[in-house]
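Peer 1: Take a look at the following structure, please.
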Amino acid sequence: MLKIGVPSKGRLQELTFQWFGKHSVTMRQTGNDREYSGAVDGIDGVELVLLSAGEIPRELSAGRIHLGVTGTDLIRDKLADWDRQVTSLAPLGFGHADLIIAVPAVWIDVDTVDDLDAAASAFRAAHGFRLRIATKYHRLVRDFLTAQGVADYQLVDSQGATEGTIRNLTAEAVADITSSGETLRANHLKILSDALILQSQAELFLSHQADWDAATRATLSDLLTRLSLPEPAL
Amino acid sequence: MTPKSAIRAQAEILFVAFRAEGALPVDADILLPAETLLDLYGEDIRARAYVTSDPLRGEMMLRPDFTVPVVQAHMAHGADPARYCYMGEVFRKQDHLGPRASEYLQVGFEVFDRAAPEQADAQVFALFARLLSDLNLRPATGDIGILMAAVRGLSTTDRRKAALLRHIWRPKRFRALLDRFAGRAPVPEARTKLLERLAQDTPEALIAAAGTFTGLRSAQEITARAAALIEDAATAPIAAPEAALLYDLLSLEAPAQAALTHLRGITPLLPAIAPAVDRFATRLDALKASGIDITTLPFQASHGRTSLEYYDGFVFSFHAADPALPPVASGGRYDALTAVLGQGRSIPAVGGVIRPGLVAALKGA
C-alpha cells in the first residue's frame with residue numbers, strides 16, 4: 001500500500017481533500033468526523049493516514065509514509081538536509097504563510113536586520129543578557145541570523161501565542177509565520193523589512209526513506225499521472 | 001574507517017610529545033554549563049553543540065572544545081606561566097549528511113605566558129609543524145591582530161570602530177558595515193525615512209505616534225539609538241584612501257615574508273597598525289629561528305575569521321590535500337578570551353588542537 005499522510009483536521013485537511021478531488025482522487029474521512037480514519041476512492045493501492053501536520057515531516061523522514069502533505073516551513077525547520085530526505089512533488093497553492101521577524105512598532109529605530117543586530121548589541125550591554133527572539137522555528141531562524149551575521153541574540157522557545165511573549169516580557173522580538181499580519185498588528189508589532197526568512201505553503205512531499213517496492217512504484221506512477229505531475233527520481 | 005585503536009594510538013603519541021614540552025595534563029569535564037558557552041559564542045553554538053538538560057544544573061552542553069574548560073581551570077588555580085595538554089573526545093552536531101564525525105578525539109596544547117608572546121606563537125606553530133611533518137600538510141597562517149589594529153586606527157567615530165570590531169569574526173556583516181561606513185553602499189531606504197522624520201520630530205514624539213508601548217526595551221534605549229543614528233548620519237564616510245587600505249588588508253594573501261614587506265609598505269598610510277606589524281615581524285623572526293621557511297609559509301590577513309572563534313592574534317591551521325576534510329590541526333592566540341572567562345584577570349594565551357583521527361587516516365593506519 002502507498003501511504004499518504006494528510007492533516008488530520010481543519011482547513012488544511014479540507015483544502016488538501018479539495019486539491020486531490022480536483023484531480024479525481026477522492027479523499028474522505030470515514031466513521032464520524034472525530035474518528036481519525038480515512039479512505040481514498042478512485043485509485044487502488046493508496047491508504048490515507050491522518051496525522052497532525054507537525055508530525056508529517058518526521059513520518060516522511062522515517063519512511064513510515066510514502067507521501068505527505070505539509071508546509072514548506074515545517075519540512076525545512078524539522079528536517080536536517082531536508083532536500084536529501086524528501087522531494088517536493090508539487091506546491092498545492094494554499095496554506096500560504098511567511099516566516100518573518102517582528103519587533104514592537106514603537107522601536108522606531110529598528111526596521112532592518114542590521115538595526116536588529118545593533119539594537120541587540122546595545123540591549124545586551126544595558127540588560128546583561130542577549131536579546132530574546134521567541135519562535136518555534138529554531139533551525140530556520142538561527143540559520144538565517146547566522147547567515148546574516150547577527151550577534152548578541154538568543155532564541156527562546158514559543159510553541160504558540162508567540163506574539164504575546166513581548167507583552168509578557170519573555171521576549172523582545174518574535175520570529176513567526178504570518179499570512180495577513182493582523183495578529184502582529186493587534187499586538188503592536190511590525191515586520192522587519194528585510195527579514196523574510198521563508199515563504200511557505202502546503203506542498204506534496206515524497207519520502208526517500210519509504211519502502212518503494214514495485215507495487216508502490218506502480219501506484220505512485222498511476223497517482224502522478226492523475227495529478228498531471230512528472231515522476232521524480234527515486 | 002580508521003579503527004579507534006589506531007586513532008587512540010596516534011593520540012597517545014601526540015599527547016606524549018606535548019608532555020615532553022613540559023605541559024601539564026588537564027582533565028576537563030565532558031558536560032559543561034551551556035550558559036558559559038552561549039555567552040561566549042552566541043546562539044550559533046546551539047547548531048554545533050549537543051545540548052542536554054540536567055535536572056539540577058539546567059542546560060548543559062557536551063564539550064564542543066577544550067579551550068573553555070582549560071582556560072577556566074587555569075584562571076581558577078593555574079601557575080603563571082603554565083603549559084597544558086589534554087586528550088579526549090569533543091562533540092559536534094552535524095547538520096548535514098556526510099562523512100564529518102560528530103564525536104572525535106582532540107589532542108591539544110596551550111601556553112599561558114606573559115613574556116614574549118610572539119616567541120610562544122612561533123614555538124606552538126613550530127611544534128605542530130614538527131609533529132605533523134611527515135603528513136605533507138599545507139599550513140595556513142593569519143593574524144587577526146593586524147586587522148583589529150587597522151580598524152582601531154580608522155579616522156572615524158568610536159561607535160563605528162566598535163561596530164566593526166564586534167563583527168570581526170563575521171566577515172559578511174563586517175563587510176556590509178564597512179561598505180556603509182565607507183559610503184560604498186547606499187543608506188537603507190527605511191533609515192533615510194527615519195532620519196527625515198527625526199529631523200521633523202523628537203524621538204519621543206515618534207515613539208508615542210507609533211502606537212501602544214510594548215516590551216522590555218525601554219523608550220530611553222530607543223531614544224539613545226535614534227540619537228546614535230542621527231550622529232552617524234552626520235559622520236563623514238571613512239576616507240576613500242583609508243577604506244581602500246582596509247579592503248586591501250582584508251584580501252591580503254601572500255607568503256609570510258612578502259606579506260610583511262607589503263604591510264611595512266602600507267604602515268606609513270595606516271600608522272595605527274605599526275605595533276601589530278612589528279609583532280608580526282618579531283613572530284616571523286622567531287618562526288625562522290625555529291626552522292620554518294617564512295619565504296613560502298602562506299599568510300592570509302583574513303585567515304581564521306569564522307564564527308565560533310575567539311582568536312585575536314596569530315592564527316594557524318594545517319590542511320590535508322583533500323578539501324573535503326576538516327583541518328588536521330588548528331590554533332591561535334586568544335588573549336581576550338582569558339579576560340572574558342577570568343572575571344577581571346587575563347593572561348596572554350596561545351595553543352592549538354590536532355585531530356588524531358585524521359592523522360591516523362592520513363597515515364593509512
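Peer 1: Report the full-extension gain for the segment A:A126 to A:E14: residue separation times 0.36 nm, less the Cα-Cα distance, to one decimal in nm. The partial results should precede the final answer.
Peer 2: Details: separation 112, 0.36 × 112 = 40.32 nm, distance 4.93 nm.
Full-extension gain reported as 35.4 nm.
Peer 1: Reported to two decimal places, what Rg/Rh ratio describes the stretch A:72-196 when computed on Cα atoms with Rh from the Kirkwood expression? List each step's numbers first, then the result.
Peer 2: Numbers: Rg = 14.9 Å, Rh = 15.2 Å.
Looking at the stretch A:72-196, the ratio lands at 0.98.
Peer 1: Can you pull the Kirkwood radius for chain A, inverse mean 1/r over Cα pairs, to one decimal in Å?
Peer 2: Details: mean 1/r = 0.0517 Å⁻¹.
Over chain A, the inverse of the mean reciprocal pair distance is 19.3 Å.
Peer 1: Now a separate question. Going by C-beta contacts inside 10 Å, put A:S121, A:S8, A:S193 in order with the fewest on the left. Could the numbers behind the result be given before it?
Peer 2: On the way: A:S121 21, A:S8 17, A:S193 14.
Ranking A:S121, A:S8, A:S193 by Cβ neighbours within 10 Å, fewest first, gives A:S193, A:S8, A:S121.
Peer 1: Something else: Share of Cα-Cα pairs in the stretch B:185-236 beyond 16 Å, in percent? Could you put the intermediate results ahead of the total?
Peer 2: Numbers: 564 of 1326 pairs.
Across the stretch B:185-236, Cα pairs with separations above 16 Å total 43 percent.
Peer 1: Report the percentage of all Cα-Cα pairs in chain B whose separation exceeds 30 Å, rounded to a whole percent. Each step should come with its number before you reach the end.
Peer 2: Numbers: 31066 of 66430 pairs.
The proportion of pairs with Cα distances above 30 Å equals 47 percent.
Peer 1: Starting from the alpha-carbon convex hull of the stretch B:215-288, give the projected area averaged over all orientations, in nm². Don't skip to the answer; put the middle values down first.
Peer 2: Numbers: hull surface 33.2 nm².
Orientation-averaged projected area of the Cα hull: 8.3 nm².
Peer 1: Oh, and also: P(r) of the stretch B:234-365 in 5 Å steps, Cα pairs, percent per bin?
Peer 2: 2, 8, 14, 18, 18, 16, 12, 7, 3, 1, 1, 0, 0
Peer 1: Tell me the label-point distance for the pair B:E12, B:A258, using the 7 Å Cα-to-Cβ offset, in nm and rounded to one decimal.
Peer 2: Between B:E12 and B:A258, the simple spin-label model gives 4.5 nm.
Peer 1: For chain A, calculate the relative contact order in percent as a whole number, restricting contacts to Cα pairs under 8 Å that are 6 or more residues apart.
Peer 2: Working: 450 pairs, mean separation 66.7, N = 234.
Dividing the mean separation by the residue count of chain A yields 28 percent.
Peer 1: Okay, moving on. Any of B:K4/B:K93; A:K78/A:K190; B:K93/B:K161 with alpha carbons more than 24 Å apart? Name them for me. Present the calculation step by step, with values, prior to reporting the outcome.
Peer 2: Values: B:K4/B:K93 20 Å; A:K78/A:K190 26 Å; B:K93/B:K161 34 Å.
Where the Cα-Cα span goes over 24 Å, the pairs concerned are A:K78/A:K190; B:K93/B:K161.
Peer 1: Further, regarding this structure: Of the chymotrypsin sites (Phe, Trp or Tyr not before Pro) in the stretch A:143-234, which ones lie in a loop per DSSP and count no more than 13 other C-beta atoms within 10 Å?
Peer 2: none
Peer 1: Moving on. Quantify how much of the Cα-Cα distance distribution of the protein assembly as shown extends past 45 Å, in percent. Before the final figure, lay out each step's value.
Peer 2: On the way: 54740 of 179101 pairs.
The share of Cα pairs beyond 45 Å in the protein assembly as shown comes to 31 percent.
Peer 1: Considering the zone a paramagnetic label at B:Q220 would reach in this model (a point 7 Å from Cα along the Cα-to-Cβ line), which residues of the stretch A:82-120 have amide N under 20 Å from it?
Peer 2: Within reach of a label on B:Q220, which here means backbone N under 20 Å from a point 7 Å along Cα→Cβ, the stretch A:82-120 contributes A:106-110, A:119-120.
Peer 1: Over all residues in A:109-116, what is the mean tally of Cβ atoms on other chains that come within 10 Å of each residue's Cβ? Spell out each step's value before the answer.
Peer 2: Working: counts 16, 5, 6, 4, 2, 8, 6, 0.
Counting Cβ atoms of other protein chains within 10 Å of each residue's Cβ and averaging gives 6.
Peer 1: Sticking with this structure for a sec: What FRET efficiency comes out for the pair B:L165/B:T202, r = Cβ-Cβ distance, R0 = 35 Å, nearest 0.05? Present the calculation step by step, with values, prior to reporting the outcome.
Peer 2: On the way: r = 31 Å, r/R0 = 0.89.
According to the calculation, E is roughly 0.65.
Peer 1: Applying 1/(1 + (r/R0)^6) with R0 = 22 Å to the Cβ-Cβ distance of B:L269 and B:D179, what FRET efficiency is obtained, to the nearest 0.05? If you can, show how the numbers build up before the last one.
Peer 2: Numbers: r = 20 Å, r/R0 = 0.92.
According to the calculation, E is roughly 0.60.
Peer 1: What FRET efficiency comes out for B:A321 versus A:D194 if R0 is 41 angstrom and r is the Cβ-Cβ distance? Round to the nearest 0.05.
Peer 2: Details: r = 41 Å, r/R0 = 0.99.
Once the sixth-power term is evaluated, E becomes 0.50.
Peer 1: What are the semi-axes of the equivalent ellipsoid of the stretch B:307-346, taken as the square roots of 5 times the eigenvalues of the Cα gyration tensor, listed largest first and rounded to whole Å?
Peer 2: Working: eigenvalues 159, 16, 8 Å².
Its equivalent ellipsoid spans semi-axes of 28, 9, 6 Å.
Peer 1: Still on this structure, please answer the following. Could you list the residues of the stretch B:314-350 with an amide nitrogen less than 15 Å from a label point located 7 Å from the Cα of B:D80 in the Cα-to-C-beta direction?
Peer 2: What the label zone holds, given the 15 Å backbone N cut-off, is B:338-349.
Peer 1: How far, in degrees from 0 to 90, does helix B:256-266 lean away from the longest principal axis of the Cα atoms of chain B, to the nearest 10?
Peer 2: With both axes taken from Cα atoms, the answer is about 20 degrees.
Peer 1: If the stretch A:97-159 were replaced by its equivalent ellipsoid, with semi-axes equal to the square roots of 5 times the Cα gyration tensor eigenvalues, what would those be, largest first, whole Å?
Peer 2: Details: eigenvalues 64, 38, 29 Å².
Three semi-axes, in Å: 18, 14, 12.
Peer 1: Tell me what chain B gives for mean residue ellipticity at 222 nm when only DSSP H runs of n ≥ 4 count, each as -39,500 (n - 2.57), the sum divided by the residue total, rounded to 500 deg cm²/dmol. List each step's numbers first, then the result.
Peer 2: Working: 16 runs with 171 residues, N = 365.
Per the formula, -14000 deg cm²/dmol.
Peer 1: Do any GluC sites (Glu not before Pro) in the stretch B:227-323 lie in a loop, going by DSSP, with at most 12 other beta-carbon atoms within 10 Å of their beta carbon, and if so which?
Peer 2: Values: sites: B:E231, B:E242, B:E253, B:E309; in loops: B:E309.
In loop regions of the stretch B:227-323 (DSSP not H, G, I, E or B), there are no sparsely surrounded GluC sites (Glu not before Pro).
Peer 1: Something else: Shielding by partners for A:151-158, please: the mean number of other protein chain Cβ atoms within 10 Å of each residue's Cβ.
Peer 2: If you average over the peptide's residues, the count of other-chain Cβ atoms is 3.
Peer 1: May I pose another question? Run down the aspartates and glutamates and flag those whose C-alpha is under 19 Å from the C-alpha of B:K363, throwing out any fewer than 8 positions away in its chain.
Peer 2: Partners within reach: B:E12, B:D134, B:D322.
Peer 1: Which residues in the stretch A:1-34 have a backbone N closer than 17 Å to a point placed 7 Å from the Cα of A:T183 along the Cα-to-Cβ line?
Peer 2: A:10-13
Peer 1: Now, a different point. In the stretch B:31-78, if every C-alpha pair distance is counted and binned at 5 Å from zero, what percent goes to each bin?
Peer 2: Once binned at 5 Å, the Cα pair distances of the stretch B:31-78 give 5, 22, 31, 22, 15, 6, 0.
Peer 1: Need one number: nm distance between label points at A:A62 and A:M1, each 7 Å from Cα along Cα→Cβ, rounded to one decimal.
Peer 2: About 1.7 nm, to one decimal.
Peer 1: I want to check the label-to-label distance for A:S221 and B:E231. Put each point 7 Å from Cα in the C-beta direction and report it in nm to one decimal.
Peer 2: Going from the A:S221 label point to the B:E231 one covers 7.2 nm.
Peer 1: Which residues make up the longest stretch of chain A clear of trypsin sites (Lys or Arg not before Pro) that lie in a DSSP loop with no more than 16 other Cβ atoms within 10 Å, not counting the sites?
Peer 2: On the way: sites that count: A:K9, A:R34.
After excluding every exposed loop site, the longest remaining stretch is A:35-234.
Computed from the coordinates by the stated procedures, all read-outs in this text should not be read as laboratory data. What you see is a predicted model; the values in this text were computed from it and never measured. Every residue, glycine as well, gets a Cβ built from its backbone with ideal geometry; the counts of neighbours run over all protein chains shown.
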